[in-house]
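The block underneath contains the structure these notes are about, expressed in structure tokens.
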């Protein structure tokens, strides 16, 4: 299905539940690319988390605001960019200052747990630089075979 | 088809999912899984979801093979619009080849099809059998557009 690079776009409202539809669409793609079932599940979970962040945080659950997913695939790599309309910027620096233990103990905000989870599930992830008014753009990538480096930094 | 009022796009922008796919066979599976995830969420029965999957698969395959002539740089755009009455699915191609409107009217003759080299011609008939409303049009920009509607039983 993916001999050369191809891209897919998926646009949907900022309403919880729609991330499940995105998860199905992208899961199918990953499966057809030959990712093994556990990694497809990891990607589905990571994508759900990223979409929920974009819906709840970036678009403040305003349903008329859109979430935009661009999926670029080549023979051995799948890259997703999840964009919102940036009503609020994601405090991404928080993930570096609080550990998951601190969050669980209630010593730090529970926000950012999703990002920690995503880091464990995919090969690469992070926010892309965006200009004011451009919204948050979160990128995640998975390779086949996997390239798990840097995931221990969380 | 019988109830043109229903075809009017609803003002409910919140329940619209847009999917852009490259014109390469295999990608219709992404559209099928997006359709079934949305239909299940809306409460369609298992059988209706299956019918929808088949119809979407046929429509997207037609757009890839005929409308866009397998040119993978050309996009197939699928728009799912949910309402309380049902689900509208629009499938648009970029129209390298405009659909012969007479094809949309005829019922294939099984004897003729079995003896002909061209095994095509069943897709549109099948879509019309499976969906509650089907409408063909040509976009001002030249692409083919197929609109199909599946009603929610209440």
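Things to note:
- Residue within the stretch A:84-95 that is at pLDDT 90 or above and either surrounded by 15 or more Cβ atoms within 10 Å (Cβ to Cβ) or touching a helix residue (DSSP H, G or I) at 6+ places or on another chain (Cβ under 9 Å) (or both) present: yes
- Residue check for residue A:52: away from every other protein chain (no Cβ under 11 Å), in contact with a helix residue (DSSP H, G or I) (Cβ under 7 Å, 6 or more places away or on another chain) and in a helix (DSSP H, G or I): yes
- Verdict on residue B:52 being at pLDDT 95 or above and within 12 Å of chain A (Cβ to nearest Cβ): no
- With respect to being over 15 Å from the mean Cα position of the chain (by Cα) and facing chain A (nearest Cβ under 9 Å), residue B:41 fits the description.
Per-residue answers, yes or no, for (1) touching a strand residue (DSSP E or B) at 6+ places or on another chain (Cβ under 7 Å); (2) surrounded by fewer than 17 Cβ atoms within 10 Å (Cβ to Cβ); (3) more than 8 Å from chain B (Cβ to nearest Cβ); (4) over 18 Å from residue A:137 (Cα atoms):
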residue: A:9; (1), (2), (3), (4): yes, yes, no, no
residue: A:21; (1), (2), (3), (4): yes, no, no, yes
residue: A:24; (1), (2), (3), (4): no, no, no, yes
residue: A:32; (1), (2), (3), (4): no, yes, no, yes
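- Residue match in the stretch B:18-28 (condition: more than 14 Å from residue B:89 (Cα to Cα), in contact with a helix residue (DSSP H, G or I) (Cβ under 8 Å, 6 or more places away or on another chain), part of a helix (DSSP H, G or I) and facing chain A (nearest Cβ under 9 Å)): no
- Restricting the stretch A:138-154 to residues that are at pLDDT 95 or above and surrounded by fewer than 20 Cβ atoms within 10 Å (Cβ to Cβ) leaves a set whose member that is nearest to residue A:75 (Cα to Cα) is A:143.
- Only one of A:68, A:57 that is surrounded by 16 or more Cβ atoms within 10 Å (Cβ to Cβ) and closer than 18 Å to residue B:37 by Cα: A:68
The values are calculated or read from the model by the stated rules, or taken from the named source; none is laboratory data. Small disclaimer: the values here were computed from a predicted structure and weren't measured. For neighbour counting, all protein chains shown are included, and Cβ atoms are generated from backbone atoms with ideal geometry for every residue, glycine included.
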